[in-house]
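**Q** This is the structure I want to talk about, given as structure tokens.
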Amino acid sequence: MRVDSIVVTGLKKTKRPVITRQMVFQEGDTIDLQELEALNKVNKDNIYNMGLFTSVAFANEIGDSSIEVHISVQERWYIWPNPYVNLAERVWSEWLTIPIWTGSFTDWVEWSNLSGWNDKLTVYAQGGYTQAVTATYSRPFLFPKAKVDGTAFFSILNDKEIGYGTQGGYLQLARLNDERMRQSYTGQLTLGKRFSRRGRFCMDSPPTNTFHINDSITFFNTEYLPYNLTAIHYPSVGRL
């Protein structure tokens with residue numbers, strides 16, 4: 001029988017193609033009526049496993065030669081903040097001398113389905129001994145016709161204390177009371193080609209790294225960077 005139409009209800013933010021592309025059949029396809037229940041079970045699992053809905057239900061209207069498939073979904077809450085406090089300083093006396101607004105705290109926020117296309121933004125922020133902000137944005141089907149996904153990553157790291165050398169096998173640390181010793185920036189882009197719902201090939205750009213150091217580092221180590229530089233830019237490679 002021919003699938004005449006697929007009707008989706010309950011959508012408030014999610015775009016309809018996000019659901020239909022998870023299905024094993026589309027409008028206009030011809031399927032065996034005896035296989036409809038099994039196919040809809042696969043469709044339901046595929047849609048539910050995206051993690052966008054708290055419930056997914058299927059119903060069918062069967063005519064003489066066509067089928068109308070009804071899908072009812074209930075969207076979940078997409079923003080999840082996770083703040084917490086941790087002790088990053090080495091001893092209590094250091095932690096107590098830091099003003100409360102610069103103490104050690106971490107806030108992690110995940111915003112799923114940001115634009116309704118099953119995309120996700122994750123932001124990690126940390127304050128205190130080491131200040132950091134990390135953001136990752138992923139978008140399935142960034143280029144829908146080519147079935148290419150995209151992920152972008154960026155991070156900023158401010159270090160209050162850095163190692164500048166060793167002495168007698170012990171790491172020597174440089175630290176200033178009122179200034180940060182090093183600022184680091186990292187960025188990376190990932191593209192993934194989908195061949196099927198479970199088949200995917202990914203390609204990562206080399207992570208690009210830049211860091212700036214406080215010029216006071218020369219007081220501790222005149223050869224910390226070559227040619228008395230206070231900033232450096234370099235790519236890096238790795239493996240999964």
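**Q** Pick out, from segment 1-85, the strands (runs of 3 or more DSSP E) lying fully within it that include 3 or more residues that are out of contact with any His (no Cβ under 9 Å at 6 or more places or on another chain) and of a type in the set (A, V, I, L, M, F, W, C). Step through it out loud before you land on a result.
**A** Numbers: elements: 2-9, 53-62, 66-75, 79-84.
Once the strands (runs of 3 or more DSSP E) in segment 1-85 are filtered for at least 3 residues that are out of contact with any His (no Cβ under 9 Å at 6 or more places or on another chain) and of a type in the set (A, V, I, L, M, F, W, C), what remains is 53-62, 66-75.
**Q** Further, regarding this structure: What about residue 147, is it open to solvent by 70 Å² or more (accessible area, probe 1.4 Å) and either modelled with pLDDT under 95 or in contact with a helix residue (DSSP H, G or I) (Cβ under 8 Å, 6 or more places away or on another chain) (or both)?
**A** Working: open to solvent by 70 Å² or more (accessible area, probe 1.4 Å): yes; either modelled with pLDDT under 95 or in contact with a helix residue (DSSP H, G or I) (Cβ under 8 Å, 6 or more places away or on another chain) (or both): yes.
Taking the combined requirement at face value, the residue satisfies it.
**Q** Here is a further query. Output the number of the condition that residue 200 fails; it satisfies all remaining conditions of (1) within 20 Å of the chain's Cα centre (by Cα); (2) open to solvent by less than 50 Å² (accessible area, probe 1.4 Å).
**A** Here residue 200 meets the rest and fails (2).
**Q** Please work out which one of (1) closer than 30 Å to residue 144 by Cβ; (2) part of a helix (DSSP H, G or I) is the condition residue 190 fails and give its number.
**A** Here residue 190 meets the rest and fails (2).
**Q** Moving on to the next point. Considering 68, 75, 94, 89, which residue is at pLDDT 95 or above and either over 21 Å from residue 141 (Cα atoms) or open to solvent by 40 Å² or more (accessible area, probe 1.4 Å) (or both)?
**A** Numbers: 75 fails: either over 21 Å from residue 141 (Cα atoms) or open to solvent by 40 Å² or more (accessible area, probe 1.4 Å) (or both); 94 fails: at pLDDT 95 or above; 89 fails: at pLDDT 95 or above.
Just one listed residue meets the conditions, 68.
**Q** Let me ask something additional. I'd like the residue in segment 166-197 that is hydrophobic (A, V, I, L, M, F, W, C) and farther than 27 Å from residue 223 by Cα and, out of all such residues, is nearest to the chain's Cα centre (by Cα). Give the steps one after another, and end with the answer.
**A** Start the filter on segment 166-197 by keeping residues that are hydrophobic (A, V, I, L, M, F, W, C), which leaves 171, 173-174, 176, 181, 189, 191, 195.
If we keep only those that are farther than 27 Å from residue 223 by Cα as well, we get 189, 191, 195.
Numbers: 189: 12, 191: 13, 195: 22 Å.
Looking at the filtered set, the residue picked out is 189.
**Q** Restricting attention to segment 1-16, which residues are open to solvent by 60 Å² or more (accessible area, probe 1.4 Å) and touching a Phe, Trp or Tyr at 6+ places or on another chain (Cβ under 9 Å)? I'd like the intermediate steps shown before the answer.
**A** Pass one, segment 1-16, residues open to solvent by 60 Å² or more (accessible area, probe 1.4 Å): 2, 4, 9, 12-13, 15-16.
Those that are open to solvent by 60 Å² or more (accessible area, probe 1.4 Å) and touching a Phe, Trp or Tyr at 6+ places or on another chain (Cβ under 9 Å): 13, 15.
**Q** Ok, one more. Pull out all pairs, ordered by first then second residue, where Cβ-Cβ is under 7 Å, the residues are six or more apart or on different chains, the first lies in segment 135-153 and is farther than 30 Å from residue 106 by Cα, and the second is charged (D, E, K, R).
**A** Listed pairs, sorted by first residue: 141/147; 141/149; 142/149; 147/193; 147/194; 148/193.
Residue by residue, here is whether (1) within 22 Å of residue 113 (Cα to Cα); (2) modelled with pLDDT under 95 holds:
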| position | (1), (2) |
| --- | --- |
| 9 | yes, no |
| 21 | yes, yes |
| 34 | no, yes |
| 56 | yes, no |
| 59 | no, no |
| 63 | no, yes |
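**Q** So for segment 169-183 (the condition being in contact (Cβ under 8 Å) with a residue 12 or more places away in the chain, more than 30 Å from residue 121 (Cβ to Cβ), open to solvent by less than 70 Å² (accessible area, probe 1.4 Å) and among the basic types (Lys, Arg)), does at least one residue qualify?
**A** Yes, there is a match, as at least one residue in segment 169-183 is in contact (Cβ under 8 Å) with a residue 12 or more places away in the chain, more than 30 Å from residue 121 (Cβ to Cβ), open to solvent by less than 70 Å² (accessible area, probe 1.4 Å) and among the basic types (Lys, Arg).
**Q** Does at least one position in segment 150-162 carry a residue that is assigned to a loop (DSSP other than H, G, I, E, B), out of contact with any Gly (no Cβ under 8 Å at 6 or more places or on another chain) and open to solvent by 40 Å² or more (accessible area, probe 1.4 Å)? Break it down stepwise before answering.
**A** Going residue by residue through segment 150-162, those that are assigned to a loop (DSSP other than H, G, I, E, B) are 160.
Narrowing the set further to residues that are out of contact with any Gly (no Cβ under 8 Å at 6 or more places or on another chain) leaves 160.
Add one more test, that the residue is open to solvent by 40 Å² or more (accessible area, probe 1.4 Å), and what stays is none.
Within segment 150-162, not a single residue is assigned to a loop (DSSP other than H, G, I, E, B), out of contact with any Gly (no Cβ under 8 Å at 6 or more places or on another chain) and open to solvent by 40 Å² or more (accessible area, probe 1.4 Å).
**Q** Looking only at segment 31-52, how many residues end up being open to solvent by 60 Å² or more (accessible area, probe 1.4 Å) and either among the acidic types (Asp, Glu) or touching a residue at least 24 places away in the same chain (Cβ under 8 Å) (or both)?
**A** Summing the residues that are open to solvent by 60 Å² or more (accessible area, probe 1.4 Å) and either among the acidic types (Asp, Glu) or touching a residue at least 24 places away in the same chain (Cβ under 8 Å) (or both) in segment 31-52 gives 5.
**Q** Okay, next question. Determine whether segment 209-226 contains at least one residue that is assigned to a strand (DSSP E or B), of a type in the set (A, V, I, L, M), free of Cβ contacts under 8 Å to residues at least 24 places away in the same chain and touching a strand residue (DSSP E or B) at 6+ places or on another chain (Cβ under 8 Å). If you could, list the steps in order and put the result at the bottom.
**A** Step one: filter segment 209-226 for residues assigned to a strand (DSSP E or B), giving 209-213.
The next check asks that each one be of a type in the set (A, V, I, L, M); those that pass are 213.
Add one more test, that the residue is free of Cβ contacts under 8 Å to residues at least 24 places away in the same chain, and what stays is none.
No; the residues of segment 209-226 include none that is assigned to a strand (DSSP E or B), of a type in the set (A, V, I, L, M), free of Cβ contacts under 8 Å to residues at least 24 places away in the same chain and touching a strand residue (DSSP E or B) at 6+ places or on another chain (Cβ under 8 Å).
The values are calculated or read from the model by the stated rules, or taken from the named source; none is laboratory data. If you're wondering where the values come from, they're calculated on a predicted model, not measured in any experiment. For neighbour counting, all protein chains shown are included, and Cβ atoms are generated from backbone atoms with ideal geometry for every residue, glycine included. Just so you know, the surface numbers come from the protein's heavy atoms only, side chains and all, with ligands and any DNA or RNA stripped out. Shrake-Rupley method; radii C 1.70, N 1.55, O 1.52, S 1.80 Å.
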